[in-house]
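Undergrad: I'd like to ask you about the structure that follows.
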Protein chains: 2
Amino acid sequence: MTEDKKTIAFVVYPGMTPLDMVGPLTVLDGMASTVPEFRTVVVGETKEPIGTDNPLKLSANHTYDEVPSPYALLVPGGAAPTLKALADEKLIDYVRTAAASAELVTSVCTGSLVLGQAGLLEGRRATTHWMFRELLGAFGAEPVAERWVEDGNVITAAGVSAGIDLALHLVERLVGAEIARTIQFVIEYDPEPPLGALDWSKRPYGDLKPLLEHTLKDALADEPALRDRLLAHTGR
Amino acid sequence: MTEDKKTIAFVVYPGMTPLDMVGPLTVLDGMASTVPEFRTVVVGETKEPIGTDNPLKLSANHTYDEVPSPYALLVPGGAAPTLKALADEKLIDYVRTAAASAELVTSVCTGSLVLGQAGLLEGRRATTHWMFRELLGAFGAEPVAERWVEDGNVITAAGVSAGIDLALHLVERLVGAEIARTIQFVIEYDPEPPLGALDWSKRPYGDLKPLLEHTLKDALADEPALRDRLLAHTGR
């Protein structure tokens, strides 16, 4: 019976970055296949296909109404469309109410801004994609530069691919290292970035402040209050 | 004009593993955003939502007919559904004909078995997910245990998450290291597997031969000729 299971809900919304969600979903669905006490669901406002920030369209298999009280929640991020999504009241309401009863509230990339907008990061340490990190201050959070940041039952991950690391950490936390390691083998997660690890002294785009300001002004032209609140946190 | 662009086609089919495709798509769509001479498309038999091996449904934005001659092709893999897909004549015909004029033919995970079934691996070095590696012999390929294997214009990657490494390699090959590094920053691909690198001396499931035989017999019950051809290559 699905109602007896611990439901891990992956939230989707238009314009999001699919990898933010698909990485952790693959890992945690692997856990659900191994440990039947869990199930994973993809939750959206609608089950109709939605566009993302690349040519892929994806579909939720449940609506918000159908999963009011998940055991755990994961909110993916993206660029400008995620900033726009901060003004999506149905999304923010769902995240807020689902999080209220959830054991675990997690995000990948700028999904943490969605958690922030839902009022879930006040006074917490949190992270997000490095380009957007300072914006966390607008939600009363303390921005931290780590691959993932755990503060109570709220765990936020860094940008895009960090969701895979977050999810393996969640599996270890929920059911132990042996299953986490097996899933790591199943998805053959033994990374060999062709150019090696990132050298953060060589990050691109130079001073991020003008880029962030432009992105916020463009994405939130119709939401001046939110835009100005975020503009106050674009860094030095 | 899209017809002037170099089209990178990501093939989708029912039951596939989404991460196989979404990882490389994210990387190569990042390249297409930066270098307008390229575009990425998701190609399927239909544009209707298709099921995958987890709760996510996804949709192609083009049909096979609409993308007969892509510049590059990427075929994702999966477990039993990908074995079944080896008997999908429309998929195999599309891969064979698209590959005939493509500059680059690539796969992730058991997507290389699809390339093999299309006759594209005869006499080539190739790889796939470690659990299925010996099956490559059924298609006249030489199985190789590397993260990705380049043989002429055919490049095959190891399991699931290896597609991200493959794609960064493709970006470096197509447009150089600087753009590849920028995309690596954009997807914040600086992996920190919580349990560290995989220790291949501790891989799970023990002797793979019985597991592979069971999987092949189950997935290919309706395709005895193909089943027996693959069963002859389940390892020692």
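The values are calculated or read from the model by the stated rules, or taken from the named source; none is laboratory data. What you see is a predicted model; the values in this text were computed from it and never measured. Virtual Cβ from ideal backbone geometry, glycine too; neighbours counted across all protein chains shown. Remember, those area values only see protein heavy atoms, side chains included, never the ligands or the DNA or RNA. Shrake-Rupley method; radii C 1.70, N 1.55, O 1.52, S 1.80 Å.
Undergrad: Which one is surrounded by the most Cβ atoms within 10 Å (Cβ to Cβ), of the residues in region B:215-236 that are in a helix (DSSP H, G or I) and hydrophobic (A, V, I, L, M, F, W, C)?
TA: B:Leu230
Undergrad: Look through A:Glu178, A:Glu192, A:Glu188 and report the one residue that is crowded, with 18+ Cβ neighbours inside 10 Å, at pLDDT 95 or above and among the charged types (D, E, K, R). Spell out how you get there, then give the answer.
TA: Working: A:Glu178 fails: crowded, with 18+ Cβ neighbours inside 10 Å; A:Glu192 fails: crowded, with 18+ Cβ neighbours inside 10 Å.
Sole residue among the options that is crowded, with 18+ Cβ neighbours inside 10 Å, at pLDDT 95 or above and among the charged types (D, E, K, R): A:Glu188.
Undergrad: Now a separate question. Filter region B:37-77 down to residues that are β-branched (Val, Ile, Thr) and in a strand (DSSP E or B) and give me whichever is farthest from the other protein chains (Cβ to nearest Cβ). Quick ask: steps written out before the conclusion?
TA: Within region B:37-77, the subset β-branched (Val, Ile, Thr) is B:40-43, B:46, B:50, B:52, B:63, B:67, B:75.
Those left that are additionally in a strand (DSSP E or B): B:40-43, B:50, B:63, B:75.
Numbers: B:Thr40: 6, B:Val41: 6, B:Val42: 5, B:Val43: 10, B:Ile50: 10, B:Thr63: 13, B:Val75: 15 Å.
Among them, the one singled out is B:Val75.
Undergrad: Within the group B:Arg133, B:Arg173, which residue is in a helix (DSSP H, G or I), closer than 25 Å to B:Thr52 by Cβ and open to solvent by 40 Å² or more (accessible area, probe 1.4 Å)?
TA: Just one listed residue meets the conditions, B:Arg133.
Undergrad: Now, a different point. Quick one: count up the residues across region A:1-31 that are within 12 Å of chain B (Cβ to nearest Cβ), of a type outside the set (S, T, N, Q) and surrounded by fewer than 20 Cβ atoms within 10 Å (Cβ to Cβ).
TA: Going through region A:1-31 one residue at a time, the tally reaches 0.
Undergrad: OK, next. Restrict the check to region A:196-214 and report whether at least one residue is crowded, with 18+ Cβ neighbours inside 10 Å, modelled with pLDDT of 95 or more, more than 23 Å from A:Ser107 (Cβ to Cβ) and at the interface with chain B (Cβ under 9 Å from one of its Cβ atoms).
TA: no
Undergrad: Are any of the residues in region B:46-65 touching a residue at least 24 places away in the same chain (Cβ under 8 Å), charged (D, E, K, R) and in contact with a strand residue (DSSP E or B) (Cβ under 9 Å, 6 or more places away or on another chain)?
TA: No, because not a single residue in region B:46-65 is touching a residue at least 24 places away in the same chain (Cβ under 8 Å), charged (D, E, K, R) and in contact with a strand residue (DSSP E or B) (Cβ under 9 Å, 6 or more places away or on another chain).
Undergrad: Would you call A:Ala138 open to solvent by 10 Å² or more (accessible area, probe 1.4 Å) and free of Cβ contacts under 8 Å to residues at least 12 places away in the same chain?
TA: no
Undergrad: Continuing with this model, one more query. Assess whether A:Thr82 counts as being surrounded by 23 or more Cβ atoms within 10 Å (Cβ to Cβ), at pLDDT 95 or above, polar (S, T, N, Q) and in contact with a Ser or Thr (Cβ under 7 Å, 6 or more places away or on another chain).
TA: Against the criterion (surrounded by 23 or more Cβ atoms within 10 Å (Cβ to Cβ), at pLDDT 95 or above, polar (S, T, N, Q) and in contact with a Ser or Thr (Cβ under 7 Å, 6 or more places away or on another chain)), A:Thr82 qualifies.
Undergrad: Restrict the check to region B:86-94 and report whether at least one residue is buried (at least 20 other Cβ atoms within 10 Å of the Cβ) and within 30 Å of A:Ile183 (Cβ to Cβ). So that I can check it myself, show each step before the final result.
TA: Applying the first criterion (buried (at least 20 other Cβ atoms within 10 Å of the Cβ)) to region B:86-94 yields B:86, B:91, B:94.
Now narrow it down to the ones that are within 30 Å of A:Ile183 (Cβ to Cβ): B:86, B:91.
For region B:86-94, residues buried (at least 20 other Cβ atoms within 10 Å of the Cβ) and within 30 Å of A:Ile183 (Cβ to Cβ): present.
Undergrad: Can you name the residue in region B:142-153 that is open to solvent by 10 Å² or more (accessible area, probe 1.4 Å), among the hydrophobic types (A, V, I, L, M, F, W, C) and touching a strand residue (DSSP E or B) at 6+ places or on another chain (Cβ under 8 Å) and is also farthest from the other protein chains (Cβ to nearest Cβ) among such residues?
TA: B:Val144
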